[in-house]
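Visitor: Dropping the structure in here first, questions after.
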Amino acid sequence: MAELIRVFAAPGAAHGGNPAPVWLDADAMSSAEMQAATRASGHESVFVLRPDSAAHAFRLRYFVPNHEMEMCGHATIAALWLLHQRGDWDGSPTALQTLSGTVHGRLADGMVEISQPRGQVQALDTAQAQDIAQCLGIDARVLVGPVLNAATSRVKTLVRLPDLATLHGLRVDFTQVQAVCERIGSTGLYPYALVLGRADTVSARQFPRSSGYPEDAATGIAAAALAWGLREQGLVGDADVLVTVRQGEAMGSPSQIGVRLPARDAPDAVCWLRGEASNMEHGHGHG
């Protein structure tokens with residue numbers, strides 16, 4: 001049976017974050033069974049298996065209701081948090097096998113952190129930006145700066161808006177999200193706005209291409225991509241910095257994701273994704 005773990009809930013919030021069913025010891029499950037279990041849960045799910053090589057401690061597979069995914073940030077944190085709670089992982093640096101490659105995990109400051117590679121960032125053209133704005137139900141003239149496709153594990157489209165009112169007031173044409181994402185080579189639209197003018201604290205919303213639900217309350221790899229996008233635009237400087245991404249507020253499911261970016265000239269190119277985790281049946285805790 002799966003254990004339901006909530007990840008990225010905003011500190012002190014009774015609700016929020018993203019629930020992730022974690023299936024431990026899932027080696028006996030077929031792909032079809034994993035897909036069916038995920039569809040029944042309605043949540044992005046992670047299945048923990050024995051690794052294929054001695055270089056990894058665990059192998060993780062991820063599903064959304066519609067299909068398998070290469071990587072899911074909050075589900076990875078959920079799996080490691082539960083493995084730590086069960087005594088199956090001591091919190092020391094570990095390597096995880098995923099379809100997107102090796103992901104590293106560690107326990108830092110009492111919280112689970114997972115690695116994501118240096119982001120790849122590319123600006124979209126004016127016609128593509130107008131297409132996205134129309135889908136989001138806004139005039140393209142309100143967009144701030146370039147629209148960016150950015151990725152650590154999967155491509156997300158970063159759309160900067162002038163303020164939180166514009167972000168939370170979006171009238172998205174959900175019937176067009178999948179087609180728009182396919183035209184621009186993205187797995188989700190990720191509009192955002194700076195909070196109180198601070199580039200290290202942003203609020204964002206995620207509209208996935210084809211996950212089986214219209215909006216996501218917390219998206220770790222999108223937050224990681226956004227942090228690199230902020231760096232690319234010169235908004236967070238060149239020193240190491242902890243970027244805080246708030247998400248899910250417009251859905252009434254407040255979430256908070258931390259992304260630790262390395263200094264621009266640091267030899268360690270990875271960033272670290274972190275957030276709170278808790279067992280949904282037993283209240284909140286750090287993880």
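Visitor: Does L4 count as more than 17 Å from R274 (Cβ to Cβ), in a strand (DSSP E or B) and touching a Cys at 6+ places or on another chain (Cβ under 9 Å)?
Guide: On the way: more than 17 Å from R274 (Cβ to Cβ): yes; in a strand (DSSP E or B): yes; touching a Cys at 6+ places or on another chain (Cβ under 9 Å): no.
Judged against the criteria, L4 is not a match.
Visitor: On to the next question. Has the stretch 10-21 got any residue that is surrounded by 20 or more Cβ atoms within 10 Å (Cβ to Cβ), farther than 23 Å from T187 by Cα and in contact with a Pro (Cβ under 7 Å, 6 or more places away or on another chain)?
Guide: So in the stretch 10-21, the residues surrounded by 20 or more Cβ atoms within 10 Å (Cβ to Cβ) come out as 10, 16-21.
Add one more test, that the residue is farther than 23 Å from T187 by Cα, and what stays is 10.
Applying the additional criterion that residues be in contact with a Pro (Cβ under 7 Å, 6 or more places away or on another chain) yields 10.
Yes, the stretch 10-21 contains a residue that is surrounded by 20 or more Cβ atoms within 10 Å (Cβ to Cβ), farther than 23 Å from T187 by Cα and in contact with a Pro (Cβ under 7 Å, 6 or more places away or on another chain).
Visitor: Does the stretch 236-249 hold any residues that are of a type in the set (A, V, I, L, M) and surrounded by fewer than 17 Cβ atoms within 10 Å (Cβ to Cβ), and which are they? Break it down into steps so the answer makes sense when it comes.
Guide: Residues of the stretch 236-249 of a type in the set (A, V, I, L, M): 236, 239, 241-243, 245.
Selection gives A239, L242.
Visitor: Being of a type outside the set (D, E, K, R) and either within 23 Å of G275 (Cα to Cα) or touching a Cys at 6+ places or on another chain (Cβ under 7 Å) (or both) narrows it down to one of G137, G119, G169, so name that one. Let's see the steps before the verdict.
Guide: Numbers: G137 fails: either within 23 Å of G275 (Cα to Cα) or touching a Cys at 6+ places or on another chain (Cβ under 7 Å) (or both); G169 fails: either within 23 Å of G275 (Cα to Cα) or touching a Cys at 6+ places or on another chain (Cβ under 7 Å) (or both).
Going through G137, G119, G169 in turn, just one is of a type outside the set (D, E, K, R) and either within 23 Å of G275 (Cα to Cα) or touching a Cys at 6+ places or on another chain (Cβ under 7 Å) (or both): G119.
Visitor: Quick one: which of A133, A129, A140 is surrounded by fewer than 16 Cβ atoms within 10 Å (Cβ to Cβ), free of Cβ contacts under 8 Å to residues at least 60 places away in the same chain and of a type in the set (A, V, I, L, M)? Talk me through it step by step, then tell me what you get.
Guide: On the way: A133 fails: surrounded by fewer than 16 Cβ atoms within 10 Å (Cβ to Cβ); A129 fails: surrounded by fewer than 16 Cβ atoms within 10 Å (Cβ to Cβ).
Every option except A140 fails the conditions.
Listed here are the residues, each with its yes/no results for (1) within 26 Å of G258 (Cα to Cα); (2) surrounded by fewer than 22 Cβ atoms within 10 Å (Cβ to Cβ).
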residue: L4; (1), (2): yes, yes
residue: M29; (1), (2): no, yes
residue: R39; (1), (2): no, yes
residue: S45; (1), (2): yes, no
residue: A55; (1), (2): no, yes
residue: R59; (1), (2): yes, yes
residue: H84; (1), (2): yes, yes
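Visitor: Please work out which residue is nearest to T152 (Cα to Cα), limiting yourself to the stretch 27-82 and to residues that are aliphatic (A, V, I, L, M) and assigned to a strand (DSSP E or B).
Guide: Within the stretch 27-82, the first condition is being aliphatic (A, V, I, L, M), and the residues that meet it are 28-29, 32, 34, 36-37, 40, 46, 48-49, 54-55, 57, 60, 64, 69, 71, 75, 77-80, 82.
Narrowing further to those that are assigned to a strand (DSSP E or B): 46, 48-49, 60, 64, 69.
Numbers: V46: 19, V48: 22, L49: 23, L60: 17, V64: 19, M69: 14 Å.
Filtering the stretch 27-82 for residues that are aliphatic (A, V, I, L, M) and assigned to a strand (DSSP E or B), the one nearest to T152 (Cα to Cα) comes out as M69.
Per-residue answers, yes or no, for (1) at pLDDT 95 or above; (2) touching a His at 6+ places or on another chain (Cβ under 7 Å):
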position: A55; (1), (2): yes, no
position: M69; (1), (2): no, no
position: A78; (1), (2): yes, no
position: R86; (1), (2): yes, no
position: W89; (1), (2): yes, no
position: A95; (1), (2): yes, yes
position: R106; (1), (2): yes, no
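Visitor: Tell me whether the stretch 206-227 contains one or more residues that are farther than 28 Å from F63 by Cα and surrounded by fewer than 18 Cβ atoms within 10 Å (Cβ to Cβ).
Guide: Residues of the stretch 206-227 farther than 28 Å from F63 by Cα: none.
Checked against the condition, which is being farther than 28 Å from F63 by Cα and surrounded by fewer than 18 Cβ atoms within 10 Å (Cβ to Cβ), the stretch 206-227 yields no hits at all.
Visitor: Quick one: in the stretch 180-191, which of the residues that are under 17 Å from the mean Cα position of the chain (by Cα) and in contact (Cβ under 8 Å) with a residue 40 or more places away in the chain is nearest to A250 (Cα to Cα)?
Guide: P191
Visitor: For the stretch 163-210, what are the residues that are charged (D, E, K, R) and touching a Pro at 6+ places or on another chain (Cβ under 8 Å)? Before the answer, list the steps.
Guide: Going through the stretch 163-210, the residues charged (D, E, K, R) turn out to be 163, 171, 173, 182-183, 198, 200, 205, 209.
Matches in the stretch 163-210: R205 only.
The values are calculated or read from the model by the stated rules, or taken from the named source; none is laboratory data. The structure displayed is predicted, hence computed values, not measured ones. For neighbour counting, all protein chains shown are included, and Cβ atoms are generated from backbone atoms with ideal geometry for every residue, glycine included.
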